[in-house]
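The values are calculated or read from the model by the stated rules, or taken from the named source; none is laboratory data. Computed from a prediction, not measured in an experiment: that's the story for all the values here. Cβ coordinates were reconstructed from backbone atoms using ideal geometry, including for glycine residues, and neighbour counts include every protein chain displayed. Ligands, DNA and RNA are stripped out before the accessible areas are found, and what is left, the full protein with its side chains, is counted by its heavy atoms. Shrake-Rupley method; radii C 1.70, N 1.55, O 1.52, S 1.80 Å.
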Amino acid sequence: MSLSESTRVQAREIISRYPQARSALLPMLHLVQAEEGYVSADGIALCAEELSLTTAEVAAVATFYTMYHRKPAGEYHVGVCINPGCGILGGDAIWEKLSSRLGIGHDEVTPDGKISLERIECQAACTHAPVMTANWEFLDNMTPESAIDVVEKLVSGKEVMSTRGPRIRTFKENELTLAGFDDGLVDEGVQADEQMLAGLKRAKELGQSAPGVKK
Amino acid sequence: MTVTTQTVTVTVDGVVVEVPAGTLIIRVAEMLGTAIPRFCDHPLLDPVAACRMCLVEIEGQGKPQPSCAVTVSDGMVIKTQHTSEMAEKAQAGVMEFLLINHPLDCPICDKGGECPLQNQAMTNGQGETRFEGTKRTFPKPINVSAQVLLDRERCVSCARCTRFADQIAGDPFIELLERGAKQQVGTSEDQPFDSYFSGNTIQICPVGALTSAKYRFRSRPFDLISTPTACEHCASGCALRTDVRRSTVMRRLAWDAPEVNEEWNCDKGRFAFPYTSEGRLTHPLVRDEAGNLGPASWPEALRVAAAGLAGIGKSTAVLTGGRVTVEDAKAYASFAREVLGTNDVDFRARAVSNEETAFLANHVANKPMDVTYGDLEAAKSVLLVSFEPEDESPIVFLRLRKAALSGTTKVFAVAPYTSAGLAKMKGTLLAAGPREEVSVIASAASHLSGDSVILVGERAAQTPGALTAVAELAAKTGAKLAWIPRRAGDRGALDAGLLPIDGRNTSEIVSATGSAVKGLVIGGVSPEDVDGDLLSAIDKAQFVVSLETRHTEITAEADVVLPVAVVTEKAGTFRNWEGRDRSFAAVIPTPGALSDADVLGELARELGKSLSVSDFWASATKPALKADAASTESVGNGQAVLSTWRHLLDKGSLQSGEPYLAATARVAVVRVSPATAQKLNLVDGGTATVSCCGNSASAPLIVTAGMTDDVVWLPANSEGSSLNLPSGCVVEVSQGGN
């Protein structure tokens, strides 16, 4: 697939948001993934051209960050946190189950292109461990069974809500959001749940506040 | 001007020193003679603290700090590995990490024997590794360009090469890709590291990760005999080091000359040396009565040459080419004027004009060195006229780019379009084709002041009025003026007097040969460089003596061929564009190798005369500078005015025999403005053919915004273009071609 002229127009829109054009590179690479499902050679060339960089400079950035895919991601890119907290609380078991059920490993895609798997690092949601993500939306307090359930729903096209965020859309749709184009879903779903707010609630009960912060 | 430098007092290993504020710790240690081990640190590159080898202890700071990236502050107490256990342990630990994935292939590695990693593993590492796993390996080597090879498993990710490419050359085609344990230097798939300066990355690589296809596995450093030399490829005047093994040049390196090339050189200077040993003339040749050229002894060849020249000395012309040393140039000047008695002498193997002759005589010849590289760096603005530094004097380009990036110098170029080099210097285009140049030069005064420099290239001779306009501009604005020829021998030749004062210039010599000019003495000239048909002139000449290093089209037609030494076989001096003498020693002392000066001396003796060392310019009558008349040739339908110059890596004869270098040359394109493309029915990306007077070339067309209308640009005599016409010609431009 080659990139359309409208992608270029969107890329220029991203560039116009920044005082330094080069700052636009990260969202532009998400834009490329929104179009292509991964960072394609055409996408690298487009970014290089629009930002007056060499393709090597763009490739250096694209290969540094793990959120940029070198080959097409699944329609739903599923992450399982395997860092110690999540891993011990069930993340490792979830990974085993998903990986064997889908028959794919880390950074691999099912033959039908529906699901790709990634062993992800800490998502800063340890209160909800074990944590999974689907196209980077949170799926909290997972079990091997709930993980299989979610993935099966995604494969069969049923709507899945994030446990802390909006309904889960396709990888490409979500990449467009990451590129900085408003999807209108900012207020959809749970924003912050009991577990997240427990500490704040307790601090308020005790009349605590951070030092130096004026009320 | 007094410069006040704020200083701070610091203690290094118990020694108290006062140093300029802002000095890096590693530099302070160097001043004290303390070597802190390092890989990524390079004085001419920005600090990056990538390798972590130079860790030292700073009192009051809990963790060891990279001395290559921390500047001193007043009262700082620094302890290096010599006095701090913490620093010593930190360095040994970093070394152990660096060696975890490093192969122990030193015995077959090009760098072994001159390798900072090998050396510092000995001085600052430990004898044994504790790593018991399997080392990471990569397929090896990969080509980052045709010339530069990368063995990734040897790399310590110091980022010297990538920083050089970005910060110095402005060609960031190599980058650190991936991250963590997978981090590696690489290129993108579609763009190799084709930079004119790529060889420097090999030289500054502190391990054996980058090697050249030319030198890989050819020799060990400890088998080489090294000689400091000067580059013969252009007028930049680089200091080089030439390394020889068993009387064969194995490689050339950029050598230290802070006032000239700093520590860099270009790939032409680094790799284009096979010509010194290929196709060499080994003995004199003399044409017999049957017209056959055959070997002859030196006495016979000199006798025949002298006999041939004796009767026609005053009607003989001398063309010396651009690669003569100062010493050889003086010999040619004396031989022509005093021995032969002719003023028909010209060093310019290219398009020339009498306006240029007057300009050179009045504004350049024998002048003291009043514009230097340092002046370029200090200038507020630099105006380039008929001069594309990246292609025509690459070290000038590097220095101008450095000055421009540091913010002191603004670069302006009178040129038909914004070249890649001009963009890398953040320069401003003063758009002008050959026909607009003179008026644009005159109007450039607003960009110049007494703190400016005007650099004018040898191509200005192709534009009538340009040199006069430049001289007037310098006088009006107070800007300093320097002339930068392409060839290493040109300034020395000019100072020696190889300019046709009261004589015929190169073009006039070519057209008068067979009539007023009867004999020719030709040094290192390639016929295609000359504006005019030199080969048919040779045909018409009564007697031709050729002094050459190799078999050429000219030696094949000459009556007497006298073999002369190449730069590796003789000592000498090139005078660079600044007027700075760049001396070199003989790299391979060769019994029987005679320099041009030696041969001319013998020939003079054979003619019963001797060479003198008189100063030509002391008594020369300089012609007054006045503008030649501008061309009035009309530009018709399907035509445009040609603008052209040579790429740095072109089809020049001194680059022969080095295919890896040739493969990194830029390939020709044709450029026209959008309006001109429309007028001439040319399609962007298609093929365009440029032709004139039986000479034509076809190349892909790039429609170039901001370019002067009614001008077509195409490189001369370069990869993909055999075009050999001067700028200013009216040429036919058409779509298509092969």
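Brief remarks on what is shown
- Members of the stretch B:351-397 that are of a type in the set (D, E, K, R) and at positive phi: none
- Enumeration of residues in the stretch A:52-66 that are surrounded by 17 or more Cβ atoms within 10 Å (Cβ to Cβ) and either closer than 16 Å to residue A:124 by Cα or not aliphatic (A, V, I, L, M) (or both): A:54, A:55, A:57, A:63
- Of all residues making up the stretch B:334-358, the number that are open to solvent by less than 10 Å² (accessible area, probe 1.4 Å), under 28 Å from residue B:472 (Cα atoms) and either out of contact with any helix residue (DSSP H, G or I) (no Cβ under 6 Å at 6 or more places or on another chain) or among the hydrophobic types (A, V, I, L, M, F, W, C) (or both): 5
- Scanning the stretch B:343-356 for residues that are part of a loop (DSSP other than H, G, I, E, B) and over 11 Å from residue B:498 (Cα atoms) gives B:349, B:350, B:351, B:352, B:353.
- Condition check for residue A:140: open to solvent by 90 Å² or more (accessible area, probe 1.4 Å) and within 27 Å of residue A:72 (Cα to Cα): no
- Count of the stretch A:108-147 residues, restricted to those that are among the aromatic types (Phe, Trp, Tyr) and part of a loop (DSSP other than H, G, I, E, B), is 1.
- Residue check for residue B:405: modelled with pLDDT of 95 or more and either open to solvent by less than 10 Å² (accessible area, probe 1.4 Å) or in a loop (DSSP other than H, G, I, E, B) (or both): no
- Some residue of the stretch B:67-87 being out of contact with any strand residue (DSSP E or B) (no Cβ under 8 Å at 6 or more places or on another chain), hydroxyl-bearing (Ser, Thr, Tyr) and surrounded by fewer than 18 Cβ atoms within 10 Å (Cβ to Cβ): yes
- For the stretch A:154-174, a residue qualifies if it is among the charged types (D, E, K, R) and out of contact with any Asp or Glu (no Cβ under 8 Å at 6 or more places or on another chain), and the qualifying residues are A:158, A:159.
- Pick from the stretch A:37-51, criterion open to solvent by 20 Å² or more (accessible area, probe 1.4 Å) and within 21 Å of the chain's Cα centre (by Cα), ranking: farthest from residue A:20 (Cα to Cα): A:38
- Considering the stretch B:552-562, the residues that are open to solvent by 10 Å² or more (accessible area, probe 1.4 Å) and in contact with a helix residue (DSSP H, G or I) (Cβ under 9 Å, 6 or more places away or on another chain) include one that is farthest from residue B:535 (Cα to Cα), namely B:559.
- Some residue of the stretch B:156-171 being buried (at least 20 other Cβ atoms within 10 Å of the Cβ), within 17 Å of residue B:270 (Cβ to Cβ), of a type in the set (Val, Ile, Thr) and under 22 Å from the mean Cα position of the chain (by Cα): yes
- Where helices (runs of 4 or more DSSP H) sit wholly within the stretch B:499-574, those with at least 3 residues that are within 30 Å of residue B:588 (Cα to Cα) occupy B:553-557.
- Matching residues, the stretch A:155-197, being in a helix (DSSP H, G or I) and open to solvent by less than 50 Å² (accessible area, probe 1.4 Å): A:171, A:174, A:175, A:177
- So residue B:362, is it under 29 Å from residue B:726 (Cβ atoms), in a helix (DSSP H, G or I) and open to solvent by 20 Å² or more (accessible area, probe 1.4 Å): yes
- Residues in the stretch A:67-85 that are of a type in the set (A, V, I, L, M, F, W, C) and more than 14 Å from chain B (Cβ to nearest Cβ) were compared, and the one that is surrounded by the fewest Cβ atoms within 10 Å (Cβ to Cβ) is A:82.
- Flag for residue A:8 being within 12 Å of chain B (Cβ to nearest Cβ) and among the basic types (Lys, Arg): no
- The set of residues in the stretch B:293-305 that are surrounded by fewer than 19 Cβ atoms within 10 Å (Cβ to Cβ) and either modelled with pLDDT under 95 or not in a loop (DSSP other than H, G, I, E, B) (or both) comprises B:293, B:294, B:295, B:298, B:299, B:300, B:303.
- Tally, over the stretch B:88-123, of residues that are open to solvent by less than 20 Å² (accessible area, probe 1.4 Å) and farther than 19 Å from residue B:40 by Cβ: 3
- Residues in the stretch B:315-330 that are of a type in the set (D, E, K, R) and modelled with pLDDT of 95 or more: B:327, B:328, B:330.
- Flag for residue A:94 being more than 24 Å from residue A:122 (Cα to Cα), away from chain B (no Cβ under 14 Å) and in contact (Cβ under 8 Å) with a residue 12 or more places away in the chain: no
- Strands (runs of 3 or more DSSP E) fully within the stretch B:161-221 that include at least 1 residues being more than 14 Å from chain A (Cβ to nearest Cβ): B:210-212.
- A single entry from B:531, B:539 fulfils the requirement of being over 22 Å from residue B:277 (Cα atoms) and at pLDDT below 95: B:531.
- Cβ-Cβ under 8 Å pairs, at least 6 apart or on other chains, the stretch A:34-58 side within 11 Å of chain B (Cβ to nearest Cβ) and among the aliphatic types (A, V, I, L, M), far side in a loop (DSSP other than H, G, I, E, B) and open to solvent by less than 30 Å² (accessible area, probe 1.4 Å): A:48/A:54; A:53/B:172; A:56/B:172; A:56/B:174
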